[in-house]
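Below is one structure, written out as structure tokens; the observations come after it.
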Amino acid sequence: MDPRVEQFMAQIIAKNGHENEFHQAVQEVAESLIPFIEENPKYKHAKILERIAEPERVILFRVPWLDDKGEIQINKGYRIEMNSAIGPYKGGLRFHPTVNLSILKFLAFEQVFKNSLTTLPMGGGKGGSDFDPKGKSDNEVMRFCQSFMTELCRHIGYNTDVPAGDIGVGGREIGFMFGQYKRIRNEFVGVLTGKGIQYGGSLIRPEATGYGAVYFAEEMLKTRNDSFKDKIVAISGSGNVAQYATEKVTELGGKVVTLSDSSGFIHDPNGINSEKLTYIMELKNIKRGRIKEYADKFGCEYYENKRPWSIKCDVTLPCATQNEIDENDAKALVANGCSVISEGANMPSTHEAVEVFMENKILYGPGKAANAGGVAVSGLEMSQNGLRLSWTRNEVDQRLHQIMKDIHATCEKYGKESDGFINYVKGANIGGFVKVAEAMLAQGAV
Ligand code: NDP
Ligand code: 2IT
């Protein structure tokens, strides 16, 4: 490791205990940025990177709620307000039993760079709870969301901090939280994004992250005069991001052959066409069932407790969770001929996996660039709420598409190496950093 990065990381580790995921996210950024900052001493003197790595505010609270048996349950609630240099804090809420401070700080840290890359005026934040929505009734989810928002509502606001969804938080949860916010604060404002279309949501927001990750992959393919036509695509996850990534790949002529959940993955060599995707959407969004049921219905293979990275494919879209591709998975993907990775999930590849992609000159789009389409359309939802009008599907989709093209161009600008290879990690990190750093310089030591 570069000794300057090592020295910087020693401070981060000393200050942030055992927060391994946070260390991992900061180190990846530091590796790109420290050489750049050496060439731009104004950022060094103002300690911009040191400041960016410290949240402006961390809010931790108790979330008590009554289950269907009348028993009190207690969860932790969090909101990390990471950076507000270029706009109100913005970022999702995650409800999953693995949620802790390390996970949310890594997500909030990445969000700062991602939101800057979108070109929209949004700072970075993230929040959530260790609440597990799996197996809970709609009433239990509602009572939990109401209790969570009863505390959160005093910390957020449409000019302060605007949460949205992430793992375990979709339209149902956003609806319950919006209702509670409105009831307590007595104001109808765009304080959350990912809202239902009847009460201020944006068309294309549900599709945005998955579509965006595919648009980004398409731009990467274009640099090699290639396209999605006839490509075999392996996708992980089967939630919001995975579903709409599948839809867009199929529309562009590619064939999606895998999807997964935390229990295992399905391999359908015939491809997950639109009829099969409709089944998955019903299974996952309404019945809240398991992906195994797809294999039973359509007669394909199901691999229990396995991830899809052993399957031969041309393009990989990891759309489930952090660190789901390790070094061996990365080697298997490369050995099987995969040459494009576009991350729908946040930090799905370990540090070692990324090294494998780099050594093999894979077109590797890191999450903070590739999955920025979700928060970009959240930004467009905020704009529409501010204007008190709604744009058409086509208008929002075109804006999303253009934003993903622009993010690709930014990555190319800052990440192109002398041999022509585009280092998207470096490009995204520097490209996201510059706007935030300039704003922080202008605003003084705050
Ligand atoms: P969903 O809750 O809709 O779906 C999550 C999917 O990932 C499910 O299939 C889930 O399986 C699987 N999964 C979750 N945790 C694990 C785990 N620990 N191991 C294996 N599989 C797991 O979430 P989203 O689709 O919204 O989010 C997916 C990823 O995309 C996350 O990394 C998120 O941060 C990122 N992202 C989301 C955005 C958005 O707009 N929603 C925007 C940008 C990034 P199971 O049902 O079994 O838990
Ligand atoms: O990781 C992410 O970018 C999100 N979960 C979406 C955040 C948002 O505010 O739309």
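Listed by first and then second residue, the pairs linking a residue in region 18-30 that is polar (S, T, N, Q) to a residue that is not in a helix (DSSP H, G or I), with Cβ atoms under 9 Å apart and 6 or more places separating them unless they lie on different chains, are GLN24/GLN322; GLN24/ASN323; GLN24/MET347; GLN24/THR350; GLN27/MET1. Taken over region 347-383, residues that are within 16 Å of ligand 2 (Cβ to nearest atom), of a type outside the set (Gly, Ala, Ser) and farther than 19 Å from GLN322 by Cβ amount to 4. Working only within region 107-127, note down all residues that are more than 10 Å from ligand 1 (Cβ to nearest atom) and not polar (S, T, N, Q). Result: ALA108, PHE109, VAL112, PHE113, LEU117, LEU120, PRO121, MET122, GLY123, GLY124, GLY125, GLY127.
A quick yes/no check of all residues on (1) touching a residue at least 60 places away in the same chain (Cβ under 8 Å); (2) open to solvent by 10 Å² or more (accessible area, probe 1.4 Å); (3) part of a loop (DSSP other than H, G, I, E, B):
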{"position": "VAL191", "(1), (2), (3)": "no, no, yes"}
{"position": "GLY194", "(1), (2), (3)": "yes, yes, yes"}
{"position": "VAL214", "(1), (2), (3)": "yes, no, no"}
{"position": "MET220", "(1), (2), (3)": "yes, no, no"}
{"position": "PHE228", "(1), (2), (3)": "yes, no, yes"}
{"position": "ALA242", "(1), (2), (3)": "yes, no, no"}
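Taking region 262-283 as the range and being within 15 Å of ligand 1 (Cβ to nearest atom) and open to solvent by less than 30 Å² (accessible area, probe 1.4 Å) as the test, the residues that pass are GLY264, PHE265, ILE266, ILE272, LEU277, ILE280, LEU283.
For region 101-117, check the following and say yes or no: at least one residue is assigned to a strand (DSSP E or B), in contact (Cβ under 8 Å) with a residue 12 or more places away in the chain, among the charged types (D, E, K, R) and in contact with a strand residue (DSSP E or B) (Cβ under 7 Å, 6 or more places away or on another chain). No, because not a single residue in region 101-117 is assigned to a strand (DSSP E or B), in contact (Cβ under 8 Å) with a residue 12 or more places away in the chain, among the charged types (D, E, K, R) and in contact with a strand residue (DSSP E or B) (Cβ under 7 Å, 6 or more places away or on another chain).
Scan region 364-387 for residues that are over 14 Å from LEU203 (Cα atoms) and either of a type in the set (Gly, Ala, Ser) or open to solvent by 10 Å² or more (accessible area, probe 1.4 Å) (or both) and jot them down. Spell out the reasoning first.
Going residue by residue through region 364-387, those that are over 14 Å from LEU203 (Cα atoms) are 364-372, 386-387.
Within region 364-387, GLY365, GLY367, ALA369, ALA370, ALA372, GLY386, LEU387 meet the criteria.
For region 291-315, the set of residues classified as part of a loop (DSSP other than H, G, I, E, B), touching a residue at least 24 places away in the same chain (Cβ under 8 Å), more than 16 Å from ligand 1 (Cβ to nearest atom) and surrounded by fewer than 19 Cβ atoms within 10 Å (Cβ to Cβ) consists of CYS300, LYS312, listed by residue number.
The values are calculated or read from the model by the stated rules, or taken from the named source; none is laboratory data. Keep in mind that this is a model prediction, so the values were computed, not measured. Reconstructed Cβ throughout: ideal geometry from the backbone, glycine too, with neighbour counts over all protein chains shown. Quick note on the areas: whole protein, heavy atoms, side chains included, nothing else; ligands and nucleic acids left out. Shrake-Rupley method; radii C 1.70, N 1.55, O 1.52, S 1.80 Å.
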